[in-house]
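Quick one: the structure is below, questions incoming.
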2 protein chains.
Amino acid sequence: MRDWEERFTSFLKARGLTFTRERKTILEAIFATHDHFDVDSLHEDLKKRGERISVATIYRLIPLLVESGMIRQAVSRAGHPTYEHLFGHLPHHHLICVRCGRVAEFREERIEKILDGVCEREGFSPIEYRLGVRAVCSTCRREEKK
Amino acid sequence: MRDWEERFTSFLKARGLTFTRERKTILEAIFATHDHFDVDSLHEDLKKRGERISVATIYRLIPLLVESGMIRQAVSRAGHPTYEHLFGHLPHHHLICVRCGRVAEFREERIEKILDGVCEREGFSPIEYRLGVRAVCSTCRREEKK
DNA sequence: ATTGCGATTGTTAATCAATCGCAATATACG
DNA sequence: CGTATATTGCGATTGATTAACAATCGCAAT
């Protein structure tokens, strides 16, 4: 059994909820890639897999996944929430191309150190650092020159 | 004439648009404080000032303000876009209390230096760095202890 | 295997913010 | 002034999310 499966099952059990076929199927789709997703892309994914799961079920599952720490809301340029799963992912930040929407990830511990200091100075206890760099990627930059 | 007024007027003129009484009134409300705002809070503000401007007008103005660089979308914990104006504001980042929603601002040039390096490494041309620290503020931490 | 109960599901209807279409006004400019 | 164009507010519309509900499912105790 994959670790995410085990972890989510026990999260559900602790609340008297059940790990159904639908929930398992949705999780499989989520963990099949490291791509960011939203309700719609996930629904499409499921269709491609020949699954007919209603969007309502997806909407209902997402808060549970967030609470259990399986996924989190990601940065994006879209006007609606997108998510990313948190297994096999170290904490990281994002470079977002404002033209094509491509997202690259990076990690920089020096920044976290600095931010720890900022939080202390301001009297905040940090939970999470979210860093999004809006930029233009090399491909789009070449395009623009034309 | 305030600089934001002049700047927005010329932006509009360059596009054959006009600086109307409504647009001026909305801008005044926006620049009257340094608080973040959304369409609804702005509409409320205008009501308090005795102005009856429809939300549609606000919705139509916002993209113009963003394009002209007068405001930008801000980080927030709300599920819909919020904005902040960019006059008399140095570039800065946000500490957001996840309990009470309080936002504190800070500035850290060391971080920008590091990010310049990251962008170069990844082949991105940076436009803007957005850093949001999700945290619990000192007041809320005291509350939680009880 | 069966039962019973609460959780879960898909469908449909309701909600809500955001956008659009249009007729009435306002504005710029000759 | 008078015309052309931009702007406004209203109300209708859209699209995404949530709620209500009746039918089914999962699971633990028979």
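The values are calculated or read from the model by the stated rules, or taken from the named source; none is laboratory data. Everything numeric here is computed off the predicted structure, so don't read it as measured data. Heads up, the Cβs are rebuilt from the backbone with ideal geometry, glycines too, and the neighbour counts pull from every protein chain shown. Areas reflect the complete protein model, heavy atoms only, side chains present, ligands, DNA and RNA absent. Shrake-Rupley method; radii C 1.70, N 1.55, O 1.52, S 1.80 Å.
Criterion first (in the same structural domain as A:Glu5 (by TED's automatic domain parsing) and modelled with pLDDT of 95 or more) does A:Ala78 satisfy it?
Working: in the same structural domain as A:Glu5 (by TED's automatic domain parsing): yes; modelled with pLDDT of 95 or more: no.
For A:Ala78, the condition - in the same structural domain as A:Glu5 (by TED's automatic domain parsing) and modelled with pLDDT of 95 or more - is not met.
Given the structure, is A:Glu51 more than 16 Å from DNA strand D (Cβ to nearest atom), under 30 Å from A:Arg7 (Cβ atoms), touching a residue at least 12 places away in the same chain (Cβ under 8 Å) and not hydroxyl-bearing (Ser, Thr, Tyr)?
Judged against the criteria, A:Glu51 is not a match.
Return yes or no: is A:Ile96 in contact with a Gly (Cβ under 9 Å, 6 or more places away or on another chain), more than 16 Å from DNA strand C (Cβ to nearest atom) and open to solvent by less than 60 Å² (accessible area, probe 1.4 Å)?
So A:Ile96 fits the description; yes.
Among (1) more than 15 Å from DNA strand D (Cβ to nearest atom); (2) more than 25 Å from B:Thr9 (Cβ to Cβ), which single condition is B:His80 missing?
Evaluating B:His80 over (1) more than 15 Å from DNA strand D (Cβ to nearest atom); (2) more than 25 Å from B:Thr9 (Cβ to Cβ) leaves (1) as the failure.
Here's a check for you: in region A:11-21, which residue that is assigned to a helix (DSSP H, G or I) and open to solvent by less than 70 Å² (accessible area, probe 1.4 Å) is farthest from DNA strand C (Cβ to nearest atom)?
Applying the filter and picking the extreme gives A:Phe11.
Moving to a separate point now. Tally time: how many residues in region B:32-62 are in contact with a helix residue (DSSP H, G or I) (Cβ under 6 Å, 6 or more places away or on another chain), under 20 Å from B:Phe87 (Cβ atoms) and not aliphatic (A, V, I, L, M)?
Of the residues in that region, 1 qualify.
If I filter region A:59-68 for residues that are away from DNA strand D (no atom under 13 Å from the Cβ), assigned to a loop (DSSP other than H, G, I, E, B) and not aromatic (Phe, Trp, Tyr), do I get at least one hit?
Yes, region A:59-68 contains at least one residue that is away from DNA strand D (no atom under 13 Å from the Cβ), assigned to a loop (DSSP other than H, G, I, E, B) and not aromatic (Phe, Trp, Tyr).
Here are some conditions: (1) open to solvent by 20 Å² or more (accessible area, probe 1.4 Å); (2) more than 14 Å from every other protein chain (Cβ to nearest Cβ); (3) under 11 Å from the mean Cα position of the chain (by Cα); (4) not aromatic (Phe, Trp, Tyr). A:Glu84 meets all but one. Which one does it not meet?
Result: A:Glu84 fails condition (1) only.
Hey, among the residues in region B:99-113 that are surrounded by 14 or more Cβ atoms within 10 Å (Cβ to Cβ) and over 16 Å from B:His36 (Cβ atoms), which one's modelled with the lowest pLDDT?
B:Arg99
Could you list all residues from region B:91-146 that are of a type in the set (S, T, N, Q) and within 8 Å of another protein chain (Cβ to nearest Cβ)?
Answer for region B:91-146, where residues must be of a type in the set (S, T, N, Q) and within 8 Å of another protein chain (Cβ to nearest Cβ): B:Ser125, B:Ser138.
Filter region A:34-53 down to residues that are surrounded by 11 or more Cβ atoms within 10 Å (Cβ to Cβ) and assigned to a loop (DSSP other than H, G, I, E, B) and give me whichever is nearest to the chain's Cα centre (by Cα).
Only one residue tops the list, namely A:His36.
For region B:22-33, how many residues meet the condition of being more than 16 Å from DNA strand D (Cβ to nearest atom) and either open to solvent by 40 Å² or more (accessible area, probe 1.4 Å) or in a loop (DSSP other than H, G, I, E, B) (or both)?
Taking region B:22-33 first, the residues more than 16 Å from DNA strand D (Cβ to nearest atom) are B:31-33.
In the following step, the residues that additionally are either open to solvent by 40 Å² or more (accessible area, probe 1.4 Å) or in a loop (DSSP other than H, G, I, E, B) (or both) were identified as B:32-33.
Qualifying residue count for the region: 2.
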